[in-house]
Amino acid sequence: MKNQERVKDILSDFNKTQFQNSLIEWFKKEQRILPWRENQDPYRVWVSEIMLQQTRVDTVIPYFNHFMEKFPDPKSLAEADEQEVLKAWEGLGYYSRARNLQTAVKEVVADYDGVVPDNPKDLGELKGVGPYTKGAILSIAYDTPEPAVDGNVMRVLSRILHVEDDIAKPSTRKVFEQLVRELISEEDPSSFNQGMMELGALICTPKNPSCLLCPIQDQCRAFEQGIETELPVKTSKKKQKKVPYLLLVIENDAGEVLIEQRPSQGLLASLWQYPMVALEDLDHEAAKHWFYGEYGLKIEWGEPVEQIKHVFSHLIWEMEVVIARVVGGQLDHERAQFVTPQEMSAYPFPVSHQKAHKYISQ
DNA sequence: AACGCGTGGTT
DNA sequence: TAACCAAGCGT
C-alpha cells in the first residue's frame, strides 16, 4: 500500500514509546471529570460518542445526564417512542443521530441480547456507528487497540508529525488511522485515544494552542519549526445559501395553534414546526393564496414582528414571523394539526421554531 | 467524493 | 460580524 510506506516514512525517526508514555501520563493527570467517564459501560460510551459528534462537551453534558436517566440501558431506549427520543434530543441538532441510535439499539437488543458488540465487524454494521465511533467504543469500553480518529486526532497528529494532507478530504482520515495503528498503546488504548482527543480539546486547540503546556512539546515537529498554527491544512467549504420564509403563528377561535410535522427524511426529520411559506418566488399576497391552497384555511395577518435566522451547516433560513388568525376554511393537510398551547411542550421543535413560542397568546 | 445534516461558542 | 469550529455519518 502507498499509505503504508508513507506512514513508515513519517514515523521513521519518531520515538513512539516516549510519545505514548508522555500522553498517557498527562491524560491520567489532567483529564476532565465527565459523566461518561464514570465507568466503562459500553452503552454509556456509545451514547456519549454519538452526542459528541460535531458537538461540544459543555453542550452534551446536560443532555447526556438527562438521556441516561430517561433511557438508562439499551432495552429502555429500544422500547421508547421515537418522538420521546427526539424530544430528549431537542436542541442538540443532527437529529438523525438520535433516530439512528435508536435503530441500532433495537438491533442490539434483538440480535445481541442487549449487549453492545465488542468486535469491529458487528459494531461497525450498526446504524450511525462509523469508523470513529466504532474505534471509540472498542478502545474506551473494551480496551481494544483500535484507532478512533476524529478532528482532534487529525489536528494533533498533523502538528506533532508535520503531516500536510488536507484533513477536509475523506481519504486523509485513513492516513491518520494507519498512523494511530502504529502509535497506539497496546497496554492502555483507552487512555491513548482519549488522551489524543483531550490534548486536542485542552492544549492543541485550533486557534491558539498552548504549546508551552503541552506534554508532547519535545516531540512536536510543528512546534519545533514554529508552524503549529499553519497546521492542519484544511480547505474551506462554500458558504450557506440564504432562503427567505414566512413563519406563521396561526391561532383559531378555540385558542389553538397550528403546527405540522416535518417529513420523516431529510432536514430536521420528524420534528415539528410552525407552517412556513417559502418566499423565493412569492410576495406576501401570493403567499396567502398559496397557503389557502395548501392548508385549506383562510387567514389574516399583520406586519412581520421579528426575523428569526436558522443557520444550518449548508443553508440559512431567514424567517419573518407573522401572527395570523383563522377567518375561514377547513384545515385540510396531511401533517398539520391544531394543538393547545399546553400540548406544545410534548412535541420536539428545532431551536429556531422554539423562538416563535413566545407569540402564542396562552 | 461531495454533499446533506443543527446548534452554539469564539474570534 | 461573518467565518470558523466542535469526540462524524449516511448517501
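Sorting the segments A:326-333, A:252-259 by their mean number of nearby beta carbons within 10 angstrom, highest to lowest, gives A:252-259, A:326-333.
Once you sort the root eigenvalues of the Cα gyration tensor of the stretch A:113-265 as a ≥ b ≥ c, which label holds: rounded (a/c under 1.5), prolate (a/b larger than b/c) or oblate (the other case)? Oblate, since a/c reaches 1.5 and b/c is not below a/b.
What is the sum of charges, Lys and Arg at +1 and Asp and Glu at -1, for the other residues whose Cβ falls under 13 Å from the Cβ of residue A:235? Net charge around residue A:235: +1.
Within chain A, helices built from complete DSSP H runs that reach 20 Å or longer along their own axis (Cα positions) and carry a mean Kyte-Doolittle hydropathy of -0.5 or higher are A:96-111. Quarter the surface of the alpha carbon convex hull of the stretch A:1-127 and you get the mean projected area, 10.3 square nanometres.
Over the stretch A:93-196, the reciprocal of the mean inverse Cα-Cα separation, the Kirkwood hydrodynamic radius, stands at 14.6 Å. Computed log10 I(q)/I(0) for the stretch A:241-359 at 0.13, 0.20, 0.21 Å⁻¹: -0.47, -1.23, -1.37, from the Debye equation with unit scatterers placed on every C-alpha and solvent omitted.
Given a cut-off of under 8 Å on Cα pairs at least six residues apart, what relative contact order in percent is computed for the stretch A:1-97? It would help to have the intermediate numbers written out before the result.
Working: 30 pairs, mean separation 21.7, N = 97.
The normalised contact order for the stretch A:1-97 reaches 22 percent.
Report the net charge of residues surrounding residue A:78, where surrounding means a beta-carbon distance below 15 angstrom and charges are Lys +1, Arg +1, Asp -1, Glu -1. Write down the numbers at each step before the final one.
Working: positive: A:70, A:75, A:99, A:106, A:127; negative: A:73, A:79, A:81, A:82, A:84, A:107, A:111, A:113.
Here the count lands on -3.
With runs of 4+ DSSP H residues as the only contributors, calculate the mean residue ellipticity of chain A at 222 nm using -39,500 (n - 2.57) per run, divided by the residue total and rounded to the nearest 500.
Working: 15 runs with 154 residues, N = 362.
Dividing the helical sum by the residues of chain A leaves -12500 deg cm²/dmol.
Over the Cα atoms of chain A, the radius of gyration divided by the Kirkwood radius equals 1.06; this is the Rg/Rh ratio.
Relative contact order of chain A: 16 percent, from C-alpha pairs under 8 Å at least 6 residues apart in sequence. Per-peptide packing, taken as the mean over residues of other Cβ atoms within 10 Å, places A:114-126, A:178-190, A:334-346 in the sequence A:178-190, A:114-126, A:334-346 from highest down. In percent, what relative contact order does the stretch A:233-362 have, based on Cα pairs under 8 Å that are 6 or more apart in sequence? The normalised contact order for the stretch A:233-362 reaches 34 percent.
Every number in this text was worked out from the coordinates using simple rules, so none of it is lab data. Nothing here was measured: the structure is a model prediction, and the numbers come from that model. Don't worry about glycine lacking a Cβ; one is built from the backbone with ideal geometry, like all the others, and counts go over all protein chains shown.
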